[in-house]
Amino acid sequence: MTEAEERIWQQARTDNKALAALLQQHYPFLYKYMLKITMNRNLAEDLVQDTMLRAIENISAYEGRSKFSTWLIAIGTRLYIDAMRRRVRERKHQEAERLQALRSMKFMSAAEGGSWPEAMEALAELDYDIRVPIMLKHYYGYTVDEIAEWMNIPAGTVKSRIHNGLKKLRKELIASGSET
């Protein structure tokens, strides 16, 4: 670290204007880094903001052993890894909730003397963004335009999701031996 850099970060520890200038100077570098590792503009922007907040909160912890940009990258990388771990835990939790709801629906169907067709099992395996348009179109009879409006997506996207979802359902049902 040069003497000028050291003087700037030392001043930034006590002067908010100096800290703002230091963070502004490193913002483009940090943003480009976060964009490259996340491959997601929105996530990168959020992580850069969180990193900047952490840097503001912990500026007194920066000891100048490495470049300031390296310190920011370390903070940003840890925040990104934490965010990815949270997403994995959330997905596992959502999957557990989905499986519990599916078991509950099967139980209720059996208790009412009904059956749980394999088509419903296969439908439950689809992602929500495919399952919802199929259900709305084929089980409830809504138009593609209505579904598109509700889901806030183009009608062509709804058609594509329905088409590809039905194709996947057919493939699943044929593979399981219960063609419909």
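The values are calculated or read from the model by the stated rules, or taken from the named source; none is laboratory data. Everything quoted here is computed from the prediction, not taken from an experiment. Glycine gets a Cβ as well: all are built from the backbone with ideal geometry, and neighbour counts include every protein chain shown. Accessible surface areas use protein heavy atoms only, side chains included; no ligands, DNA or RNA. Shrake-Rupley method; radii C 1.70, N 1.55, O 1.52, S 1.80 Å.
Brief remarks on what is shown
- Eligible aspartates and glutamates near K168 by straight Cα distance, threshold 15 Å, same-chain separation 8 or greater: E118, E121, E125, D127, D129, E179
- Length released on extending from D127 to S66, taking residue separation times 0.36 nm less the Cα-Cα span: 17.4 nm
- Cα long-axis angle, helix 155-176 against the chain (0 to 90 degrees, to the nearest 10): 60
- GNM flexibility winner over the chain from N16, N58, N152 (Cα, springs under 10 Å): N152
- Under a model in which nothing but the beta-carbon of Lys, Arg (+1) and Asp, Glu (-1) is charged, the chain shows a dipole of about 400 debye around its Cα centre.
- Dipole magnitude of the range 117-180 about its Cα centre (Cβ charges: Lys, Arg +1; Asp, Glu -1), debye to nearest 20: 220
- The structure-derived value of Rg and Dmax of the Cα atoms in Å appears in the list [x] 16.0, 49; [y] 20.7, 64; [z] 25.7, 80 under the label [z].
- Computed lengthening from H138 to N164, 0.36 nm per intervening residue step minus Cα-Cα distance: 8.0 nm
- If R0 is 30 Å, the Cβ-Cβ spacing of K32 and S176 corresponds to a FRET efficiency of close to 0.05.
- Computed over every Cα-Cα pair of the range 117-180 and binned at 5 Å starting from 0, the pair-distance distribution P(r) comes out as 4, 20, 30, 23, 14, 7, 3, 0 percent.
- Atom-type composition of the exposed protein surface of the chain places 52 percent of the accessible area on carbon and sulfur (1.4 angstrom probe).
- Bridgeable lysines around K167 (alpha carbons under 28 Å apart, same-chain partners fewer than 8 residues away excluded): K92, K106, K137, K159.
- Label point distance in nm, E45-L102, each placed 7 Å from Cα along Cα→Cβ: 3.6
- Partners for K32 among lysines (Cα-Cα distance below 29 Å; same-chain residues under 8 apart left out): K17, K67
- The chain: relative contact order in percent, alpha carbon pairs under 8 Å with at least 6 residues between: 14
- Accessible area per residue, Å², the range 1-98 with all protein chains present, probe 1.4 Å: 69
- Crossing angle, helix 3-12 versus the chain [Cα axis fit, 0-90 degrees, rounded to tens]: 70
- Peptides 74-81, 38-45, 100-107 ranked from most to least packed give 74-81, 38-45, 100-107, packing being the mean of other C-beta atoms within 10 angstrom over each peptide's residues.
- Rg/Rg_globular for the range 1-98, with Rg_globular taken as 2.2 N^0.38 Å and Rg from C-alpha atoms: 1.26
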